[in-house]
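To start, the structure itself, in structure tokens.
The values are calculated or read from the model by the stated rules, or taken from the named source; none is laboratory data. Since this is a predicted model, take the numbers as computed values, not measurements. Cβ: placed from backbone, ideal geometry, glycine included. Neighbour counts: every protein chain shown.
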Amino acid sequence: MNQSEIKQKVEEKISVLISDFRRTPEKFLTEEDIRAYLYHLLLTDFNNLEQTEDKQQSIPLHCEVRWYGSSKKLKYRSDIVIFDVSQLITKKGGNIPLPSKGYGFNNPNAIIEIKLRRINGKSNNKFNGDLVADRNKLKELKNKVVEEENEVWTYLIAFDKKNNINFQLENTEKHKEYYVYSSAQLTQKPNKYK
């Protein structure tokens, strides 16, 4: 699957998730519910076993992926990542030493972060601050972790049960960054998603 097909499949599933959240927001009690549901939706397109660099088998879709920071310590965790399985190593040996997290890969195709604010959740300012912090994390991952020649799309999807702050971050096709805000009270379409 090429990068534009990956992008299309991811965005189709995000649209389904947003529609479901708007219809029945109480179906999702936690961020983990949302992450698990999106993972489930993405499995229909990203569940093919492929050979890893070290001759094992895996799929390109994974949750809670850990990233190293500039100090070579585990610094970030991403909710959902889709990557090129042919670059994945899971066993010791070969040309690349196995990282302490037990796996290593190059060439991520998509990185997805999910936020949920519950009815009794954070204040508007705190929630906005969290969204900006996640946006900055995604930018830092792209700048410091992802190799320059790789094309990777990043998505920050925020779900809000408390109220409609209609939070908007600029989507940048040029930089392959998408930010989606969806409120249970939102009646208009955010960005380009249904």
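Some values worked out for this structure:
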| item | result |
| --- | --- |
| Residues of the stretch 89-120 that turn out to be assigned to a loop (DSSP other than H, G, I, E, B), surrounded by 15 or more Cβ atoms within 10 Å (Cβ to Cβ) and modelled with pLDDT of 80 or more, as a count | 1 |
| Where a residue in the stretch 102-127 is within 21 Å of Leu138 (Cβ to Cβ) and its partner, wherever it lies, is acidic (Asp, Glu) and at pLDDT below 85, with Cβ under 7 Å and at least six apart | Asn106/Glu147 |
| Some residue of the stretch 18-29 being out of contact with any strand residue (DSSP E or B) (no Cβ under 8 Å at 6 or more places or on another chain) and more than 23 Å from Tyr181 (Cα to Cα) | no |
| Residue ID - surrounded by the most Cβ atoms within 10 Å (Cβ to Cβ), chosen from residues in the stretch 156-170 that are farther than 27 Å from Gln3 by Cβ and modelled with pLDDT of 80 or more | Asp160 |
| Sole exception among (1) modelled with pLDDT of 95 or more; (2) assigned to a helix (DSSP H, G or I); (3) surrounded by fewer than 13 Cβ atoms within 10 Å (Cβ to Cβ) for Glu26, by number | (1) |
| Residues of the stretch 56-82 classified as part of a strand (DSSP E or B) and at pLDDT below 90, total | 10 |
| Within the stretch 45-54, considering residues that are touching a residue at least 24 places away in the same chain (Cβ under 8 Å) and exposed (fewer than 15 other Cβ atoms within 10 Å of the Cβ), the one nearest to Leu116 (Cα to Cα) | Glu50 |
| Residue within the stretch 138-155 that is of a type in the set (Phe, Trp, Tyr), at pLDDT 80 or above and more than 24 Å from Leu42 (Cβ to Cβ) present | no |
| Test result for Asp33, over 18 Å from Val81 (Cβ atoms) and either assigned to a helix (DSSP H, G or I) or of a type in the set (Ser, Thr, Tyr) (or both) | yes |
| Filter pass, Asp45 being part of a helix (DSSP H, G or I) and within 20 Å of the chain's Cα centre (by Cα) | no |
